[in-house]
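**Student:** This is the structure I have questions about; it appears just below.
All of the numbers you see were taken from the coordinates with simple rules; none came from a lab. In this text, all values refer to a predicted model and were calculated from it rather than measured experimentally. A quick note on method: Cβ atoms are made from the backbone with ideal geometry, for glycine too, and the neighbour counts reach across all protein chains shown.
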Amino acid sequence: MGSAVLAAIGDELLSGARLEKNASFMAGHLHNKGWEVKRVEVIPDEEGEITALLTRWVGRTDLLILSGGLGPTHDDRTRYAIAKYLGCGLSLNDEMYDRIVSRVKHDPLRLAYTERCRDPQALIPDSAQAVFNPAGSALGIRFESNGTTTLALPGVPMEYQAMTRQELPEIFAPDSEHCWASVIILGVPELTIAERVPEVIANPELHVSILPAFPQVELIIRGEARGVSEAERVIRSRFRDDVLPQGCSSLAEAVLYEARFRGARVACAESCTGGLIGAALTEIAGSSDVFSGGAVVYSNEAKSNILGVRAETLREFGAVSEECAREMAGGALRIYGADFAVSVTGIAGPDGGSESKPVGTVCFGFASDRGTRTMRRKLPGNREEVRSRTVRFALSELWRMIHDAW
């Protein structure tokens, strides 16, 4: 195929005020077609930075896609930087911009497009071509130079995606030769995984990404269909007891798959996660045939009144304890009539920790008709990260419990 460089332009991306989504979207599709993504860059809204980017990559890659900086405000500098790089002026492309205006039926918005947005959003460097925007108001820019096709597109993800599909249809066309597969392994360090499947990792015809996210590691394999299929078979055979079922792209999907396969129902009881486990399960369509329900019991009173956690347990061991987690899981199993239940209670922070129970301490309970077991973990990170890791760990152990029950 070819090589590509993806660049996102915007001060808001560098400050963290907005998340960059376009490069990851495009990189995935390029990889699926066998392209080499040489670099992903994020740069500020400055003409000098944009012209330096063009100088750096035009002539050194087959495809360069810029995202952002084509809006109507003072900090949208991409079109001016491209004109400076090409050594030309800018002109209004009224014909193509009028096609955009013709879509708008709402009079105030139509007025804004024609009077306030036409200049600059219809300005195109004289040595480049305009790119029609089927989903927004800013025209894109395309030019060829030194063997590089450069596309400058708006940063709004919906517009970026519509315009890349329009301009690069071959990247998005179905392909029987190149494909990708995802394999998720639980509880095995990434280095151990690499050591146990060296023939997959070292295969020059495959592109293998190893993506850890406690307590799982996801392997994404890209390449020709036959090679990808064989690599997935090898990985699954080496990690038979730790790999999620084929076709499951998340822990929640794996829990539902395993429970559905075995005709079981699951429930949850949550304190520190505030309903995130139930949300992860119910986000998946069709979960109602497996998920019975979840109780969010933040206060001690709720733990006692709803789940039946004993007052003596709370007095002697506290709400953040394996003893409390055990009774929470048992209560959820009982009140929802489920076959399996998971509970979590912990200190997500930033306050509330102690020497014996520091911030990040989380206790887990897992209950079934075969009994109850508990775990205690110290999870790193800020409040959001602790809660996210708690959800993933709870779902991973719930999956193991269901998987190992038969």
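**Student:** Using only the alpha carbons of the range 1-87, determine the length spanned along each of the three principal axes and report them from longest to shortest in whole angstroms.
**Tutor:** Each principal axis gives a Cα extent; for the range 1-87 these are 38, 33, 18 Å.
**Student:** Can I ask one more? Obtain the nm distance between the two label points defined at ASP369 and ILE220 by a simple spin-label model: each point lies 7 Å from its Cα along the Cα-to-C-beta direction.
**Tutor:** 4.2
**Student:** Here's something else I'd like to know. In whole Å and largest first, what semi-axes does the C-alpha gyration tensor of the range 158-315 yield when each eigenvalue is scaled by 5 and square-rooted?
**Tutor:** Result for the range 158-315: semi-axes of 39, 22, 15 Å.
**Student:** Let me ask something else. Give, in nm to one decimal, the length gained when the segment between ASN32 and ASP119 is fully stretched (0.36 nm per residue of separation minus the Cα-Cα distance).
**Tutor:** The span from ASN32 to ASP119 would gain 27.5 nm if fully extended.
**Student:** Just going by the charge dipole of the chain, with Lys and Arg at +1 and Asp and Glu at -1 on Cβ, which of SER137, GLY247, ALA83 is farthest out on the positive end?
**Tutor:** Sorting the options by dipole projection puts first GLY247.
**Student:** Which net charge results for the neighbourhood of LEU54, defined as the other residues with beta-carbon distances under 12 angstrom from its beta-carbon, given Lys and Arg at +1 and Asp and Glu at -1?
**Tutor:** Counting the neighbours of LEU54, the net charge comes to 0.
**Student:** Based on the mean of other beta carbon atoms within 10 Å per residue, what is the order of 132-139, 260-267, most packed first?
**Tutor:** Averaged packing, sorted descending, gives the order 132-139, 260-267.
**Student:** Could I ask something else about it? Could I have the simple spin-label model distance between ALA264 and SER145, label points 7 Å from Cα toward Cβ, reported in nm to one decimal?
**Tutor:** About 6.1 nm separates the two model spin labels.
**Student:** Let me ask another. Find the relative contact order for the range 3-172 and round it to a whole percent, using C-alpha pairs within less than 8 Å whose residues are 6+ positions apart.
**Tutor:** Normalised by residue count, the contact order of the range 3-172 is 25 percent.
**Student:** Which pairs break 30 Å Cα to Cα here: LYS303/LYS378; LYS21/LYS357; LYS21/LYS84; LYS38/LYS84?
**Tutor:** LYS21/LYS357
**Student:** Just to be sure I understand: with springs between alpha-carbon atoms less than 10 Å apart, which residue in PRO120, PRO380, PRO154 has the highest mean-square fluctuation in the Gaussian network model of the chain?
**Tutor:** PRO380
**Student:** Sort 303-313, 67-77, 249-259 by the packing proxy (mean of other Cβ within 10 Å over each peptide's residues), most packed first.
**Tutor:** Listed from highest to lowest mean packing, they are 249-259, 67-77, 303-313.
**Student:** Could you point to the residue in HIS29, VAL391, ILE306 farthest towards the positive end of the chain's charge dipole, with +1 and -1 charges on the Cβ of Lys/Arg and Asp/Glu respectively?
**Tutor:** With unit charges placed on the Cβ atoms, the residue in question is ILE306.
**Student:** Let me ask something additional. Taking loop as defined by DSSP and a crowding limit of 16 other beta carbons within 10 Å, which GluC sites (Glu not before Pro) in the range 323-406 fit?
**Tutor:** Those that pass, being in a loop and sparsely packed, are GLU355.
**Student:** What are the extents of the Cα atoms of the range 1-152 along their three principal axes, in Å, largest first?
**Tutor:** 45, 33, 30
**Student:** Over all directions, what mean area does the Cα convex hull of the chain project, stated in square nanometres?
**Tutor:** 24.8
**Student:** Quote to one decimal, in nm, the extra length available between ARG383 and SER127 on full extension: 0.36 nm per residue of separation minus the C-alpha distance between them.
**Tutor:** Contour length minus the Cα-Cα distance gives 87.0 nm.
**Student:** When Rg is the radius of gyration of the Cα atoms in the range 187-238 and Rh is its Kirkwood radius, what does Rg/Rh come to?
**Tutor:** Using Cα coordinates only, the ratio equals 0.94.
**Student:** Can you compute the helix-only [θ] at 222 nm over the chain? Use -39500 (n - 2.57) per DSSP H run of at least 4 residues, normalise by all residues, nearest 500 deg cm²/dmol.
**Tutor:** Counting only the DSSP helices, I get -11500 deg cm²/dmol.
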